[in-house]
Amino acid sequence: GVGPRDASPDEGVVEDLPLIDEKAVEQLTEGLISHYLPDLQRSKSALQELTQNQVVLLETLEQEISKFKECNSILDINALFSEAKHYHNKLVNIRNEMMMLHEKTSKLKVSGINI
C-alpha cells in the first residue's frame with residue numbers, strides 16, 4: 001500500500017495556510033507607512049532644499065565666470081590700447097624725422113645743391 005512517505009511533499013500545504021485577514025494586512029501596511037513616511041517626507045524636503053541651493057550656487061558661479069571673462073576682455077583692451085600708444089609714438093617719431101629731413105633737403109636746395 002501507500003505509506004505516509006509516498007505522499008507528495010506539497011500535499012496538504014494549501015490547507016495548512018491560515019486565511020489572510022485583509023483588515024490585518026491593511027492595518028499592518030498603514031502602520032509601516034506611518035512609521036517610515038515622516039522620515040521620507042523630511043528627506044524629500046531636505047533634497048528639494050538642497051536642489052534649490054545647488055541651482056542658486058550654479059547661477060552665482062555663472063555670474064562670477066562672466067565677471068572673470070569681462071576682466072579678461074578689459075585686460076585685452078588695455079593691452080591693445082598700450083600697443084596702439086606705442087605705435088602712435090613710433091609714427092610721431094617717424095613724422096618728426098621726415099620733417100627734419102625735409103627741412104635739411106630744402107636748405108640744401110636753397111644752397112644750390114640738387115639731390
**Request:** Please specify each residue of segment 51-75 satisfying the condition of being hydroxyl-bearing (Ser, Thr, Tyr) and over 19 Å from the mean Cα position of the chain (by Cα).
**Result:** 73
**Item:** Residue under evaluation residue 78, criteria (1) under 52 Å from the mean Cα position of the chain (by Cα); (2) modelled with pLDDT of 90 or more, criterion not met
**Value:** (2)
**Prompt:** Do you know which residues across segment 16-39 are of a type in the set (A, V, I, L, M), part of a helix (DSSP H, G or I) and loosely packed, with under 10 Cβ neighbours inside 10 Å?
**Reply:** 24
**Request:** Test residue 5 against the stated conditions and say whether it is of a type outside the set (Asp, Glu), at pLDDT below 85 and open to solvent by 80 Å² or more (accessible area, probe 1.4 Å).
**Result:** yes
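The values are calculated or read from the model by the stated rules, or taken from the named source; none is laboratory data. Computed from a predicted structure; not experimentally measured. A quick note on method: Cβ atoms are made from the backbone with ideal geometry, for glycine too, and the neighbour counts reach across all protein chains shown. Side chains included, ligands, DNA and RNA excluded: accessible areas come from the protein's heavy atoms. Shrake-Rupley method; radii C 1.70, N 1.55, O 1.52, S 1.80 Å.
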